[in-house]
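The values are calculated or read from the model by the stated rules, or taken from the named source; none is laboratory data. Remember, it's a predicted structure, so these values are computed and weren't measured experimentally. Using ideal geometry, Cβ is built from the backbone for each residue, glycine included, and neighbour counts are taken over all protein chains shown.
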Amino acid sequence: MNVIRPAVHPVEAPPVADAANDAMPRGRMKDIQGMPGTPGGLALRFTQFAFALLALFVMATTSDFPSVTAFWFYGILCASYLVAAVSLQSLWSLTLAILDVYAILVKRRFRNPRVVSLFAIGDGITSTLTFAAACASAGITVLIGNDLNDCAQNHCTRFETATAMAFMSWFAVSPSFLLNFWTLASK
């Protein structure tokens, strides 16, 4: 007996149109300049590195910053803390700038949650240390310049310049931290 059996091909029913689902299109988040692996992120990293390196250079080229009398107790601690904080900031920013250059060259973005969380935590720690060191150094510089009127013996302008560069480095780290944290939170 020659019977033809019909082939049944199931057809999926179209999804029910829902107003809530239509309002929010699904897809990948757009890259915002400043996020890791973007040219804006590389620019922020380079700015962080440059300002931290300038602060370090200004403090290191001051011939007698460890032996300045008004900086003897608190000043030595704050100046050393500033040097340590901007050193860490410059190393961190240089490392992440190299990673950003690599990501731009291979045309990839950092989307791994572990990598982005590492960036966010590192940026949070280094920005907090840089901000605290800049605030402490600013306090000592105001003490020497305004309260003690002892800028003739000390290098107040050099310390103020180093403090300003540390603040500028912090201003450049803050958007990086916020964008990394936002990328992590939006996953």
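Listed values, structure above:
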item: Among (1) buried (at least 16 other Cβ atoms within 10 Å of the Cβ); (2) modelled with pLDDT under 85; (3) out of contact with any Lys or Arg (no Cβ under 8 Å at 6 or more places or on another chain) - the single one Asp31 does not satisfy; result: (3)
item: Conditions (1) at pLDDT below 75; (2) in a helix (DSSP H, G or I); number of the one not met by Ile4; result: (2)
item: Residue within the stretch 106-118 that is part of a helix (DSSP H, G or I), closer than 20 Å to Ala43 by Cβ and modelled with pLDDT of 90 or more present; result: no
item: From the options Thr95, Thr130, residue that is hydroxyl-bearing (Ser, Thr, Tyr), closer than 17 Å to Met59 by Cβ and assigned to a helix (DSSP H, G or I); result: Thr130
item: The listed residue being in contact with a helix residue (DSSP H, G or I) (Cβ under 9 Å, 6 or more places away or on another chain) and of a type in the set (Lys, Arg), out of Arg114, Arg109; result: Arg109
item: Residue identified as more than 29 Å from Asp100 (Cα to Cα), crowded, with 17+ Cβ neighbours inside 10 Å and either at pLDDT 90 or above or hydroxyl-bearing (Ser, Thr, Tyr) (or both) among Thr157, Thr141, Thr126; result: Thr141
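Okay, residues lined up against (1) under 18 Å from the mean Cα position of the chain (by Cα); (2) free of Cβ contacts under 8 Å to residues at least 40 places away in the same chain; (3) on the phi > 0 side of the Ramachandran plot:
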| site | (1), (2), (3) |
| --- | --- |
| Leu94 | yes, no, no |
| Asp100 | yes, no, no |
| Asn112 | yes, yes, no |
| Thr126 | yes, no, no |
| Thr141 | no, yes, no |
| Gly145 | no, yes, no |
| Phe167 | yes, yes, no |
